[in-house]
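No value in this document is a laboratory result; all are computed from the given coordinates. Values in this document were obtained by computation on a predicted structure and should not be read as measured data. Cβ: placed from backbone, ideal geometry, glycine included. Neighbour counts: every protein chain shown.
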Amino acid sequence: MIVPVCGFRDTLVVSGSNITERCHLRRNASSLRALCVCLAAFLLTLLVPGTVLANPIEINTLLTDPSLESLTDGCPTAWICYGSPGFGIYSPTASQYTPGADGLPGLTSVPDQDFVSDGSGTMYQTTADVWAADTTYTFTFFLGTPATLPDGTTPVIGPPTGAVRLYFLEGRVQAGMPAYDLQAPAPGQWETLQYTVTPEQIWEAGAVGQNIGVMFFISPNSYYEAADIDIDPPPAVPEPATFALVLPAIAVLWLARRRFV
């Protein structure tokens, strides 16, 4: 007798003994197709992270030389410095930060790559990108207090007691954008800081369409006070190893699907 099976339209069997088997096969195939769709969507999020995770926007990705690895005209490249003695860069050693005991993961004295910025005064950078409406922005960086000055021998008594501040800029001015007083850690320590600029703050400051900028201001009250800055690099793009794990899984599901359909 010919009967419909499992509620699937146009699915017919002749023998009742085959009903359960056909039902399982069709359901298994449907499950495999769903899994393939899920894995394909996951792979798409890896291939196009900017599309899937467009908000918030990390300001670090908009900066030139975010890791402060080079100098131009006595200031970190792409930054503008004012004040005396101004800002420079140096490569910390265990004299400034003891690897494994300085607040950083692993055994390193530098948050990213080789150099950090030190000094006093004002250091800012304005990007080519503009503040957008209905968009949240984040800014991640490292603030440290070295145990010694860059010479490796002169002890640091503590972080600057005058001021350590972060300003968000519209163009080259703060205007109504937010600013924050920063508290540097104890000598020999790094701290990771992240600040957020909300759509409400951008709107209230009238900054929509203005160029995005950030500025640091450091004012020590003594030659023996110091603070270092390093900026977190842009988020890494998926490595080939990530795709090496995902693609074989899709291939296995595809082969399994062929077996059931």
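Could you check, for segment 123-134, whether at least one of its residues is of a type in the set (Asp, Glu), closer than 18 Å to residue 177 by Cα and in a loop (DSSP other than H, G, I, E, B)? Before the answer, list the steps.
Step one: filter segment 123-134 for residues of a type in the set (Asp, Glu), giving 129, 134.
Add one more test, that the residue is closer than 18 Å to residue 177 by Cα, and what stays is 129, 134.
When the remaining residues are screened for being in a loop (DSSP other than H, G, I, E, B), the result is 134.
Yes - at least one qualifying residue is present in segment 123-134.
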* Asked: From the set of residues in segment 123-134 that are of a type outside the set (D, E, K, R) and over 21 Å from residue 77 (Cα atoms), which is surrounded by the fewest Cβ atoms within 10 Å (Cβ to Cβ)?
  -> 133
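Residues that are surrounded by fewer than 19 Cβ atoms within 10 Å (Cβ to Cβ) and touching a strand residue (DSSP E or B) at 6+ places or on another chain (Cβ under 9 Å), at least 3 per element: which strands (runs of 3 or more DSSP E) completely within segment 135-212 meet that?
On the way: elements: 137-145, 163-170, 179-181, 189-197.
Counting at least 3 such residues, we get 163-170, 179-181, 189-197.
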* **Hits in segment 129-184 - residues which are of a type in the set (Val, Ile, Thr), more than 19 Å from residue 101 (Cα to Cα) and out of contact with any Ser or Thr (no Cβ under 8 Å at 6 or more places or on another chain)** => 130, 135, 173
